[in-house]
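The values are calculated or read from the model by the stated rules, or taken from the named source; none is laboratory data. Quick caveat, the model's predicted, so the values are computed rather than measured. All Cβ positions, even for glycine, are placed from backbone atoms using ideal geometry, and neighbour counts span all protein chains on display. The area values use the complete protein model at the heavy-atom level, side chains included, leaving out ligands, DNA and RNA. Shrake-Rupley method; radii C 1.70, N 1.55, O 1.52, S 1.80 Å.
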Amino acid sequence: MFATQDTILKLLTLCALAHSITALALQPTPVAGSAPLDPSHKYLIVRGETPVGSSASQEHVDFDNAATLLLQSFRAQQTTSPDGLEECSAPSHKATFSGYDYVILLGMLVISLGIGIFYGFFQKGGSSSNEFLLGSEMSIFPVTLSLTTSFITAIELLGNPSEMYFQGTQFVLIVIPMVLVIPVAVKIFYPIYFKMELTSCYEYLGIRFGKEIRILGAVLYVIQMCFYTAVAVLAPAIALSKATGLDTKIAVVLIYVVCVFYSSQGGMKAVVIADSFQAAVLAVSLVLIVGLGSFYSGNPIQVFQTAAEHNRLEFFNMDPSPTTRHTVWSVVIGGFFYWTSLFCTNQASVQKCMSLKSLRLAKIALGFAIIGLIVVFLLNFYTGLMVFTHYADCDPLTAGRISATDQLLPYYVINTYEHIYSIAGIFVAGIFAASLGTVASALNSLSAVTCEDLLVNGMNIKISPEKGATYAKWMSLGFGIASFGLVFIVEHLGGVLQATLTLNGLIGGVTLGLFVLGIACKQANTKGAFYGGLLSLVLVIFVGVVAQIASVEQPALPTSIEHCDCHVNMTTIAEDILTEPMTLAEDGGFTSWPIFRLSYMWYSMIGCLLTVFLGWLISLVIDFIQRRNVLKITGKGIDNPAVSEEVFKSDSQVQYTTSISVATESTTVMDPKDTKTDTGHVNHAIRIDDE
């Protein structure tokens, strides 16, 4: 067994403290109850152990004594800061949120509310479920902006700069799979959706496999989005509260009140128009930060030069190990499956594209939305490098000015531009806009899935078009309240935040696998898709949860506090390191298996491929069993007494068929071009496959 990096860091910290303390510092009396110190012990041999009671070794006792004395002596020397500088963690060095900033933030929220009031109470239309959920043939420009904002979450706006700052630029390659997804979306998935004239993309699963698979896909989406919206609101609210002083509960309540109102009252039109306005706010905030940063933190040449000097530039990590967090393979290949699930099989994005008049407009909107998303991500990545240039010699996390990595960007904006009125308010309004867009799109899509897939199809509840809009409004309100309640549950579970985000990727991968299975595998049947999907879901969730529990945090790249304009309390830093338990790397246990050390970037791919493979394999087995059960013929005669022997005296070949489950949710199919009514069920999946 080998000592971990934390153990080595603690030992090196002790050595550094020992060198900074005079020999007289070791003369005080040891702590009561501990073994006496021998002055001749210049060096201590420390074993990485966790003793219990009397099992502690003498070396461990000596280590505890030395650590206590060193900290006491070092604390005595640090009681007064040099040159009269104030500690970095003092309240005067914390960022603050001014009255101007609150006015701008509230203004953005009021305008979003006004959009909901207009489309909910003054705009004609929206009286049917189709108009409420799809917006009845909206124009391309607002839909494009809405698509862009729905793919940008506040978690990413805060997390991407932090990733560049602490881990380097390898994650920038995530924009490559965004481009690769465009031909897959416009050539395979969306032509199917438009030919079938779907409201919910899970209708395809019902037509291809049957009602059970449609309900499975809808339930997975409901679970995924309820937890994801709670995390998407809570994570930025916590970061903003720590960095700006804005109360977490106030931030959460404001976001949910506004979202629930305009999504439940105005429907898809209100969501799309509000998203367009919020996209403008987000764009202004990003451009302002980058523009001002070029003046206050450094121009692009200085930014990239500083990043290169501190080993932040990395684009071609070709490590073939799947356990490496970010490599070219994991980011590009794993990211391709993640973005495919988000663009092609996520109801929030599919529903917006289906609100357009034609497939051609949907393709254009999707392409421009992805281009806009790439621009936003690149600006966000550059912002992280710009922040690193600003704090290259005084890391705010090490100095104690912030307490978590996702607080970095809010602290930078408010602290650096505090003398420029309203900049902090515009930035926070942009973060709120990203949260509003994510939650509002999720609530509208959840109401569509619940009405179409669960109530009408799953529970056979007949809803007239006139009542459909009312049902959808109440569904949006109900899911908003449920998601709001989940926020306060997730808040008290600590590490579940990261696990929830991982769960989101896992469920998205399984859902994508069900669609790929239906499109690519002709042999796939209902039972194969159902059991393959469930089995894959259980396996990937088990792997993901165990991986989160057993995960070792990725060590950050080196940072510096050499030239801070405040006094860094080294005693606090040393105490934080030394008070953490010394652990050893475990050689045994199933949590050390390589499968549980995989990079999180592979989760969507694993979920998708596992669903396709298991669904295809189980379908073949079930098909074989069904064929055997039709007629069992042996060399001696007939095993099935229900079949007459005259059948086998005939020269004609015995015909047998395989039973295929086909959704029959309605016995009447209406031709959209005329009023002719045909009795029976038309299998659209077979028709499209023939075309």
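With θ taken as phi - 60° and the Karplus curve 6.51 cos²θ - 1.76 cosθ + 1.60 applied, the whole-hertz 3J(HN,Hα) list for region 227-233 is 6, 5, 5, 4, 5, 5, 8 Hz, x standing for glycine and proline. Surface exposure of region 305-349, expressed per residue as accessible area with a 1.4 Å probe, stands at 43 Å². Size descriptors for region 241-382, from the alpha-carbon set: Rg then Dmax equal 19.6, 53 Å.
In region 288-345, one over the average inverse separation of all distinct C-alpha pairs is 14.2 Å, which is the Kirkwood hydrodynamic radius.
Kindly flag which residue pairs out of 352/473; 269/467; 352/527; 352/462; 195/357 have an alpha-carbon separation exceeding 23 Å in this structure.
Numbers: 352/473 17 Å; 269/467 18 Å; 352/527 31 Å; 352/462 25 Å; 195/357 12 Å.
The pairs that break the limit, which is 23 Å between Cα atoms, are 352/527; 352/462.
Can you pull the percent of Cα pairs in region 169-291 with separation above 24 Å? Counting every Cα pair in region 169-291, those more than 24 Å apart make up 54 percent.
For region 320-429, the list of trypsin sites (Lys or Arg not before Pro) that fall in a loop by DSSP and count at most 11 other C-beta atoms within 10 angstrom is empty.
Between the amide H of residue 317 and those of 328, distances stay under 5 Å, these residues lying 5 or more places away or on another chain, with hydrogens modeled in the peptide plane. Loop-resident chymotrypsin sites (Phe, Trp or Tyr not before Pro) (DSSP state other than H, G, I, E or B) in region 413-476 with no more than 14 further Cβ atoms inside 10 Å of their Cβ: 421.
Taking the Cβ of residue 367 as the centre, find all other residues whose Cβ is under 15 Å away and add up their charges (Lys, Arg: +1; Asp, Glu: -1).
Its environment carries a net charge of +4.
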